[in-house]
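A short worksheet on the structure shown next.
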Amino acid sequence: MIHQVKTQLQHSTVLPQQIQLLKLFHLTSTELQQRISEEIDENPLLEENLISDNDEVALKETVQDYQDEEEYQYDDIPDYKTEHNNYLSDSNLPQLPISEPYNFRKDLKEQVRFTFEKRQQIEIADYLIDSLNESGMLDQSLEEITDDYSFRRLKAIDASEVARVRNMLKELAPGGVGCFTIREYLLFQLNKLAAKSPVVKKAILLLEKFPVDFNFRDTEKLTRVLNIDNHELNIVLQIIRNCKLKPITEIDSFGVNGTIIPDFIIRRNEDGFEISLYHQRSATLFINNAMANSINKQNTLDKRALQYLKGKLSSAQWFVDAIRQREITMQKVMRVIIELQFEYFKNGEISALKPMILKNITDHSGVDISTVSRITCNKYADTHFGIVCLKDLFSEGIENAEGKSVSNRVIQSAIAELVKNEDKKKQFTDRQLVTLLSAKGYSIARRTVAKYREQLRIPAAQYRQH
């Protein structure tokens, strides 16, 4: 029997503009400038004033008297001595060549448009590229990516289609982008070797069938299951060591010179700290009022043209407001971070770092936790003690002997210090490190010490011998 039932459901809807705003929060200073340039190129109503007040004053002071063509043409100054003045002043000549930083995401998206044919595949590929971490790998599982993509696009998509696009993405340059794990990336490189020699096949077999034994360097078992001797095993391990551990290296992501452009500038003063943005873009962006006012007075344009211009005006107004909101939110979040890590920002000592998670920032600032995550995930701050990655300031807490919560970054620093000063002929085991840390007031398990040691990329004691 057919019957009707009334139900009341509660759900939230994410508007497209909210998604675009979250994407703006995620961008670094360099990526934001590129995004602004693209928006200005696409929107005739949006403009950017790149000349500051000081530049305008200097420009007025350098105005010369009128020169006719004959006087200008027959001066005694060679062209090569004055040509650069059209671009740079004599007092601000660059000492090094200026190069555009390499953006691997932009490069991958350009390759996608030349390689992929279906529109849906291009959209999925763009989403996967935006989901890559700075190493060019995916942190989420295939199911999580599929669910997130379906939610944002408001349409269901099969995980097999996402997997197919991911495999196509791995074939682009640099090869292997989109791998989930280092093991998968190592296998990708080994399978791409032109000559499938028996040694390469053994290396592939080792990673596919015996990854646990490989991680623990169980050489006795590996020689037995691979049916090789120690000499051949060393050759197999050397082939694996010659492979890269991640598709995108730090030099690749920051450019040839490895330059990090900070997003925040933090300076100490008598009252505490002064926070400013490296580039405050909202002060230079504006809407062309002459064109905006003329839209309402247009009677000769057809409906389509008028609707197009009104759409561009609304888009320009939203973009300017979004940039302004981004900057206000970034300063609000940074202010809370400094408040929670005040002692650390005084001198930059890791020992002064306190446990801090994203929820702490949300509770103190009122900013949504997803927004805090996007603002802090790839941002840097220029301080009086050097460049600081905001992501490194977040850590879980562990209670010490006095009952106080201590950041795990402090414990990691203590482990690194102990290993650095150990006897090179008799290295500390993880159990010995537990004892030494306990003497410092840090009571943690051996398994936790091993985890922190691996995060610091410190080999086990038997592999640290010189």
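The values are calculated or read from the model by the stated rules, or taken from the named source; none is laboratory data. Quick caveat, the model's predicted, so the values are computed rather than measured. Cβ placement follows ideal geometry from the backbone for every residue including glycine, while neighbour counts extend to all protein chains displayed.
Results for (1) assigned to a helix (DSSP H, G or I); (2) at pLDDT below 80; (3) in the same structural domain as residue 285 (by TED's automatic domain parsing), shown as yes or no for each residue.
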{"position": "4", "(1), (2), (3)": "no, yes, no"}
{"position": "14", "(1), (2), (3)": "no, yes, no"}
{"position": "35", "(1), (2), (3)": "yes, no, no"}
{"position": "51", "(1), (2), (3)": "no, yes, no"}
{"position": "55", "(1), (2), (3)": "yes, yes, no"}
{"position": "59", "(1), (2), (3)": "yes, yes, no"}
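In the stretch 391-403, of all residues being at pLDDT 85 or above and either exposed (fewer than 12 other Cβ atoms within 10 Å of the Cβ) or assigned to a helix (DSSP H, G or I) (or both), the one that is farthest from the chain's Cα centre (by Cα) corresponds to 393. Residues that are part of a helix (DSSP H, G or I) and under 23 Å from the mean Cα position of the chain (by Cα) within the stretch 137-150 comprise 142, 143, 144, 145, 146, 147, 148, 149, listed in sequence order. Note on the stretch 193-207: among residues that are surrounded by fewer than 13 Cβ atoms within 10 Å (Cβ to Cβ) and hydrophobic (A, V, I, L, M, F, W, C), the one that is nearest to residue 142 (Cα to Cα) is 194. If the condition is being among the hydrophobic types (A, V, I, L, M, F, W, C) and free of Cβ contacts under 8 Å to residues at least 12 places away in the same chain, then the stretch 193-207 contributes 193, 194, 195. Of the helices (runs of 4 or more DSSP H) that lie entirely inside the stretch 281-361, those containing 2 or more residues that are closer than 21 Å to residue 35 by Cβ span 303-340.
With respect to residue 406, determine if the residue is in a helix (DSSP H, G or I), among the hydrophobic types (A, V, I, L, M, F, W, C), over 26 Å from the mean Cα position of the chain (by Cα) and surrounded by 12 or more Cβ atoms within 10 Å (Cβ to Cβ). No, not satisfied.
Quick grid of which residues meet (1) touching a residue at least 60 places away in the same chain (Cβ under 8 Å); (2) closer than 20 Å to residue 141 by Cα:
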site: 168; (1), (2): no, yes
site: 175; (1), (2): yes, yes
site: 181; (1), (2): no, yes
site: 184; (1), (2): no, yes
site: 191; (1), (2): no, no
site: 209; (1), (2): no, no
site: 217; (1), (2): yes, no
site: 221; (1), (2): no, no
site: 225; (1), (2): no, no
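Of all residues in the stretch 332-341, those satisfying the criterion of being free of Cβ contacts under 8 Å to residues at least 60 places away in the same chain and farther than 11 Å from residue 367 by Cα are 337, 339, 340, 341.
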